[in-house]
Amino acid sequence: MCPVEINIQENLTTRDDDQNALMDRFLYEYVKEDNIVTFKSCVQKHSPDKLVTPSGNSLLHVAVSYESDNIAAYLAEEFPSLITSRNDQEDTILHVAAREGRLSNTVKTLVGSNPCLVKLKNRKGNIPLHDAVIRGKKDAVAWLVCKDPGAVYYNNKTTNKSPLYLAVERGHKNGILDDLLNIEASSGTLREGKSPVHAAIEQRNKDILEKIGKAKPELLRFKDKELGNSLHYASSMGYLEGVRFLLQKFPDGANERDQEGNYPIHLACKNDSVDLVKEFMKVFPYPKEFLNAKGQNILHVAAESGQGKVVRHILKQDQKLIEPLLNGIDEDGNTPLHLATQSGQSNAAFALVRDTHVERSIVNNENKTPYDIAEDQSKIAVDQYEKTDEMLAEERKQFASKNNTPADGTQDKAVDPKKQDKKKPSKDYKLLDYYGAMTTLSILYFKARPKKSLQEHFSSSQGKPPRKEETKSRIQNLLVVAVLVAGVTFSGAIQLPQLKNISNSNEHHHGFNITSTVFHNNTAFESPTGSSLLDGYLCLDVWALNTSVVAAIILLWTNLNDVKFAPFVVWFSSLMVGGAIYMMCLAFFFAVSIALGGSDYGVLAIIIIVVGVVFFLAQTLLYIQWILPPSVNQILEGMLSYYVYFLSFLFLFYSWRWLPDKLSELKRGRTSNESSSG
């Protein structure tokens, strides 16, 4: 076949549904079987350059896909416009041939006469080499790369992936990756796409990394706009082996910042990987020199991200090495403790406040100490916790509109770009972690709060009066509790006659076969101790019944009349209902003592009595809050909450964090001792 050369750019043709006609199925079979004789006799009845399949493939597309070399040569010579035809996906004949891996002599001849076919892209943005790599057609890849070595680095505009990136993404199968890496071509066109090194890091494939480092070491220096250089990406992925390799082959990458202004060691700190931080500090033992765009050192970043392990590891380093990090300030005047507090990172804050070299009273640019920030964050967290989802959505919407509107309220006026760049970006609206904020506040309350006397604390603190709706809700809840207590105590009182009847009937049937339980109860009633317990039970039950009934009447009267002194009534009724519950619990204790047989105590009775005494003391301490006025009670609750959150944090910290770390350290020490002794 004679070479057919046409102008690709001027003769590109795509499917036109108005002019094209669907291909006859018999004609399709002739092309598939490469039956040139029958095909010529049949095709003369049609216009071959107008025949297409439902997907828009021309006769030449079909011939190439089935490697029907005779018919392909005939069509290319007789109808040269088919060489540039495209189907519905804008695939040329070379796309089809590369995808199927069927590069016949005719196709190679056509490409030789029309070399631009190698660079044409389909609707997906792929050149033929992309499709050959995706389908794993090694021979097609090798031939296409020989025709255009630079195609190895051509990027798909949609995915920004080059054929080399796709080969790395799919692993070194069929030797395709080795063939592409051995091509002598400039990687300059790769500057705008994704780096194959990033693909190898994403797959955590050290073998491919070593192949790239050996064949194309310049690719290790490639910097992605979003992901940064290879060390940035490996650090953000927590890929330890990759970081070690890159620090050996590309140590300069540790001195580059990414789009957000962070060095790779900052991303390692965000990833909570102590091993990564160790690797960086082995190569660069001067962490104070690594400040990101916000002026934050590695301890700032670890504390803000809440990476307690990294914070504790940094604090264990040589004091001369980490001294500049402990109390370093960023552009906002924040120390690492400020940032840990602001983010509600209790683990990081706890590690920092325990270090004696960390200053806890430094103020930032807003003149706030870490404890001040903790108080502000806890108030915001409580406020968000009390709001509904609809209220939070509206607040988020108002926040966004406020930050999108210029300060002077003129949205249409042009803004000077220089002035706009100088403005600090507004912080995103986010929901705070309620438990994290409250726990961090409790930690700083004990470790970093300003010293105040008890009198100053009570004089500066005022209870928050309840709202009208809240008062009504409290009245209804107290009314329900009061009625329940009255019902329980009433049912307890009416059981006394039944117990007496059982005791009397036991005297008349003394000679019969009676159960041990009845006899045991009779003994309890007849003994002096049992009689005293019964009297105590009766008094407490009656007091609890009458107190709860009086409280219910007062609450009903207040709820119906809506008097102005409802807050006082709530407090007084709470006192009475609490007292009723308190007496009911004591009555239950007396009833249990009676059931156990008066003074004839066994082991079970002793255990129950001891447990009852412990809970009795706890109930007494809790009941004190019912007696105090609401304003004082709220202050005490606030002070008590610090202890609750702090103790719960200590329990979780030492059971989930500290203990596993100690066990792993002991295990490593035992392993090292065994290896040294062996």
So which pairs qualify, if the first residue must be in the range 28-46 and closer than 15 Å to A73 by Cα, the second must be modelled with pLDDT of 85 or more and of a type in the set (A, V, I, L, M, F, W, C), the Cβ gap must be under 6 Å, and the two must be at least 6 apart or on different chains?
Y30/F39; V31/V62; V31/A63; V31/I71; D34/I71; I36/I71; F39/I71
Within the range 29-78, count every residue that is hydroxyl-bearing (S, T, Y) and within 18 Å of D88 (Cα to Cα).
4
Can you list residue pairs whose Cβ atoms sit under 6 Å apart, with the first residue in the range 351-363 being in contact (Cβ under 8 Å) with a residue 60 or more places away in the chain and the second being surrounded by 12 or more Cβ atoms within 10 Å (Cβ to Cβ)? Count only pairs 6 or more apart in sequence or on different chains.
V353/K447; V353/A448; R360/A448; S361/T369
Within the range 337-352, does at least one residue satisfy the condition of being among the polar types (S, T, N, Q) and modelled with pLDDT under 85?
no
Looking at (1) in a loop (DSSP other than H, G, I, E, B); (2) more than 22 Å from K216 (Cβ to Cβ), can you tell me which one N155 breaks?
(2)
Among the residues of the range 110-119, are any surrounded by 15 or more Cβ atoms within 10 Å (Cβ to Cβ), within 38 Å of the chain's Cα centre (by Cα) and free of Cβ contacts under 8 Å to residues at least 40 places away in the same chain?
no
Within the range 259-302, how many residues are part of a helix (DSSP H, G or I) and either touching a residue at least 24 places away in the same chain (Cβ under 8 Å) or in contact with a helix residue (DSSP H, G or I) (Cβ under 8 Å, 6 or more places away or on another chain) (or both)?
23
Here is a check on your reading of the model: is L533 under 22 Å from T489 (Cβ atoms), modelled with pLDDT of 80 or more and outside any loop (DSSP other than H, G, I, E, B)?
no
Taking the range 33-80 and keeping residues surrounded by fewer than 14 Cβ atoms within 10 Å (Cβ to Cβ), touching a helix residue (DSSP H, G or I) at 6+ places or on another chain (Cβ under 8 Å) and not in a helix (DSSP H, G or I) leaves none
When residues of the range 165-221 are filtered for being over 25 Å from S235 (Cβ atoms), at pLDDT 85 or above and of a type in the set (A, V, I, L, M), how many remain?
2
Return yes when R360 is within 23 Å of the chain's Cα centre (by Cα) and either surrounded by 14 or more Cβ atoms within 10 Å (Cβ to Cβ) or among the polar types (S, T, N, Q) (or both) and no when it is not.
no
Residues of the range 314-329 that turn out to be assigned to a helix (DSSP H, G or I) and either buried (at least 19 other Cβ atoms within 10 Å of the Cβ) or hydrophobic (A, V, I, L, M, F, W, C) (or both), as a count
6
Filter the range 252-288 for residues that are of a type in the set (S, T, Y) and either buried (at least 22 other Cβ atoms within 10 Å of the Cβ) or within 13 Å of G242 (Cβ to Cβ) (or both) and give the result.
Y263, S273
Is there a residue being in a loop (DSSP other than H, G, I, E, B) and in contact with a strand residue (DSSP E or B) (Cβ under 8 Å, 6 or more places away or on another chain) anywhere in the range 181-193?
no
Considering the range 222-240, residues that are part of a loop (DSSP other than H, G, I, E, B) and in contact with a Lys or Arg (Cβ under 8 Å, 6 or more places away or on another chain), and then whichever is modelled with the lowest pLDDT, we arrive at F222
Please name all residue pairs, on different chains or six or more residues apart, with Cβ atoms under 6 Å, provided the first residue is in the range 61-79 and is within 14 Å of V43 (Cβ to Cβ) and the second residue is of a type in the set (D, E, K, R) and in a helix (DSSP H, G or I).
F79/D49
So, in the range 559-582, exactly how many residues are at pLDDT 75 or above and under 10 Å from L479 (Cβ atoms)?
2
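The values are calculated or read from the model by the stated rules, or taken from the named source; none is laboratory data. Quick caveat: nothing in here was measured; it's all calculated off a predicted structure. Ideal geometry is used to build each Cβ from the backbone, glycine not excepted, and the neighbour counts take in all protein chains shown.
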